[in-house]
Amino acid sequence: MKNRPPVLLAVLATIGLLVFLLPLVGLLARTPWTRLVGLLSGEVVIDALRLSLITSLAATAVSGLIGVPLAWVIARVPFPGRSLVRGIVTLPLVLPPVGGGAALLFALGRGGLIGEPLNQATGILLPFSIWGVIVANAFVAMPFLVITVESALQNLDLRYEGAAASLGAGRWIVLRRVTLPMIGPSLMAGLVLSWARALGEFGATITFAGNLQGRTQTLPLAVFVALESDRDTAIALSLVMVAVSLTVLVSLRHRWWKAL
């Protein structure tokens, strides 16, 4: 057949698929299905789940509030160093999460560049607080939103905005009534991806905000602790995160990849 791949290519592709599939199979095989409900209703799990939902949603809101304007500026405003700015914004995608957490600590910690004067002036201390978790989550999750929205803005036909402006619509009206609705699917995809990334964040959170049950211990951190003392709980929590992540990716299908 015309589309049949060479045998060697098919074998290598199958091995590549198994790299991703076998860990999931291993997780499903070790899941204590009869005890799953009980494991997921424990105090530690409930605290971690509650905190993860609060912080990931808050981080997504922060990402939307400042990430969309940032994406608009990068996509629409030519300025010196725009490529550098784009690289800095997307740096958390490739930066080791622990490195990102350390950078946040040096900048926003008690003795950090901004954290120290902020703490002295207001008494606010971000590390080891829920606000620190939100900051860490937003730092690693916002690039997904910025990339998606920037790509959508670059691919948007400017004639629609020009037509609205020619009819007397001001910039804010054009943005609210034309631009945002037209990039709505990409915006939603970016927000969902940011939320999923924030929900699964580990390295930056534990480095910057710590791992305190009921205060900064999110689902990934609870899995890390449970692996040492209660492996069944760790497996149950991992299953929840895999299910959420897979649901997000399947529901978005080609939307995000097309945006890139």
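Any read-out appearing in this document is the output of simple, stated calculations on the displayed coordinates, not a laboratory observation. Fair warning: this is a prediction, and the values are worked out from it, not measured in the lab. Cβ sites come from the backbone with ideal geometry, for glycine too, and all protein chains shown count toward neighbours.
Mind sorting MET188, MET241, MET142 by how few other Cβ atoms lie within 10 Å of their own Cβ, fewest first?
By the 10 Å Cβ count, ascending, the order reads MET188, MET241, MET142.
What does the charge count around ALA222 come to, taking other residues whose C-beta lies under 15 Å from its C-beta (Lys +1, Arg +1, Asp -1, Glu -1)?
Taking every other residue near ALA222 into account, the sum is -3.
Work out the FRET efficiency for ILE66 and ILE46 from their Cβ-Cβ distance, taking R0 = 35 Å, and round it to the nearest 0.05.
Calculated value: 0.65.
Per residue of the stretch 50-64, what does 6.51 cos²θ - 1.76 cosθ + 1.60 with θ = phi - 60° give for ³J(HN,Hα)? Whole Hz please, x for Gly and Pro, Karplus curve as stated.
Calculated HN-Hα couplings, in order: 4, 5, 5, 5, 5, 6, 5, 5, 5, 5, 5, 5, 4, 4, x Hz.
Give the relative contact order (percent, whole number) for the stretch 36-259; include only Cα pairs under 8 Å separated by 6+ residues.
With pairs under 8 Å counted, the relative contact order is 32 percent.
Quick one: Karplus J couplings for the stretch 169-179, per residue in order, coefficients 6.51, -1.76, 1.60, θ = phi - 60°, nearest Hz, x for Gly and Pro?
Whole-Hz 3J(HN,Hα) from phi for the stretch 169-179: 6, x, 4, 5, 5, 4, 4, 7, 9, 10, 5.
Based on the Cβ-Cβ distance from ASP232 to VAL11, what FRET efficiency comes out when R0 is 35 Å, to the nearest 0.05?
Computed FRET efficiency for ASP232 and VAL11: 0.45.
With r defined as the distance between the Cβ atoms of ARG35 and SER251 and R0 fixed at 30 Å, what FRET efficiency is calculated, to the nearest 0.05?
The value I calculate is 0.55.
Label-point separation (nm) for ARG110 and ARG82, each offset 7 Å from Cα along Cα-to-Cβ?
Calculated label separation equals 4.4 nm.
Could you compute the net charge surrounding GLY38? Neighbours are other residues with a C-beta less than 14 Å from the C-beta of GLY38; K and R count +1, D and E count -1.
-2
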